[in-house]
Structure formats: structure tokens, C-alpha cells
């Protein structure tokens, strides 16, 4: 058996690959994409999967609906992020604004430098906020409002997307929390204005054709889908942020200007 250990193979694409009799131990596949993967006769133990799951069958059982039902049970407001009418979108956005206010309050209690720290290679708190600015820019300002170039220099596209020279992508920028929150407040107010102007007719309709290079690609999109995507992005990324703040809070409790060694 060929041995491969202690190596990093980031940004590698495996296609039409057989891993028969393979053994994987202590393997990290952060931000990996698995599509049409078939595993038979496998032994899986102490495994953790965190991400978007579609069509996952384990021993003949589609576990996706079971996972969704359990997540809805744990987070009663989660189901409200799938609204069916205008009133539902109003309620969902009210919930998100309230929840994010609490999350930001937690973040403010930490040393500012920790808000740029990445936990387990995930986006930092600041990067998460910047990505949500990008989500609003593409699905609301570009798709719904028709701005062909809605991006702010601090907008942060999702990892893995093809880089476009016309779209800002400064992953290593280190703006202050207040700077990003001011930008976030502007974008969140834009979403609120769009939701408040909704009618059942416009919600059921499609956008005017998107123009110019960038994402989403030129074309028309269902208004409900555009706004629904923003709701899901806001909900899921807040949970990620809360998870990482739990870790950073422990770090921050022993972090002070006089720490030795100094705080990172």
C-alpha cells in the first residue's frame, strides 16, 4: 500500500478516481466538494460533515431530510428562513437583524485583533461580514436592483469562484469592525427597503435581465430565489460566526495588551 502522510494537497481536483481499499485517517477536507461519490463496503468512524448536503444516502436512507428536520428542531427560527409570502420575508429579516445584533455585541467584547483570526482555516469574523456584503451586492443590488457593478472594494466573494478582474477580491484586507459594520448597515438597509417594497406579485416574478460581467451571470432570476439566498447566507454565516466566537472568546479571556507571549 502506498503511504501518503503529512502533506498538503490544496486546490487539487480528483475526477474519475478509484480509491478501492484506501485508508484515510486524520484527513482534513475543509471546503471540499464531493459530487456523485459512491462509497461501498466502507467503515466510517469519528467522521464529521459540515456543509451543504444534497442527496446523501447512507445504507439506503436519504439522510438529508432527517438532518434538515433536526436542524429545524434545534433552531425553531430556521424554518422561517424559507418564507412563502411577503409577510414571511418581513418576519425573517426582522429575526436576522435581531440575531445579528446579538452576535455583533459578542464580537465587540473581544480584542479587535481576534476578529481577524481564522478558526480552523475558516473566514475570520471580519471576513464573514465582508462576504455577506458581497451576497447582498450580487443578489439584491445586482440581480434585483439592476446595478451591473454593485461591488464595494471590501466585498469578499466566496472561495472557489473564478476570479474576475472587474470584481474586488482583497482577501487579506484588514478593515476595522466599525468600518465593516457601517458597510453592513448600508447593505442591510438596502435589503429591508427591497423587502418593504415587495408585493405578492413582484415576489412571484423575475428580475430584469442582469447585464455586464460578474456573478450572477447575465440573465433573469426569480425574485423569491434571490432574496431566499440572502436569507440562507445570513442565517448560516451567523451560525458559523457564533461557533468561531465561542473559540475566540476562550482565547480572548487570556489575551490582554500585557500578555506574554503577546496576543496575535
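Remarks
- Here the ratio of the Cα radius of gyration of the stretch 119-202 to 2.2 N^0.38 Å is 1.16.
- At R0 = 45 Å, FRET efficiency that the Cβ-Cβ distance of residue 39 and residue 169 yields, to 0.05: 0.80
- An oblate overall shape is assigned to the stretch 50-137, the ratio a/c of its alpha-carbon gyration tensor axes (a ≥ b ≥ c) being 1.5 or greater and a/b not exceeding b/c.
- Given R0 = 30 Å, the distance between the Cβ atoms of residue 152 and residue 109 translates into a calculated FRET efficiency of 0.70.
- Contour excess over end-to-end distance, with Cα ends at residue 247 and residue 73 and 0.36 nm allotted per residue: 60.2 nm
- The distance linking the stretch 93-122 with the stretch 133-187 is 18 Å (Cα centroid to Cα centroid, whole angstrom).
- 170, 16, 72 arranged by Cβ crowding within 10 Å, fewest neighbours leading: 16, 170, 72
- Top of 227, 66, 177 by mean-square fluctuation, Gaussian network on the chain, Cα under 10 Å: 66
- Pairwise Cα distances in the stretch 82-132 exceed 14 Å in 63 percent of cases.
- The Cα atoms of the stretch 84-252 cover 49, 38, 24 Å along the three principal axes, with the biggest extent listed first.
- Three-way shape call for the stretch 148-244 based on the alpha-carbon gyration tensor, with the a/c threshold at 1.5: oblate
- Sorted by Cβ density within 10 Å, fewest first, the residues 159, 21: 21, 159
- By the count of neighbouring beta-carbon atoms within 10 Å, fewest first, 139, 169 end up ordered 169, 139.
Read-outs: derived from the displayed coordinates by stated rules, not from any lab. Quantities reported herein were computed from a predicted structural model and do not represent experimental measurements. Glycine also receives a Cβ, built like all others from the backbone with ideal geometry; neighbour counts cover every protein chain displayed.
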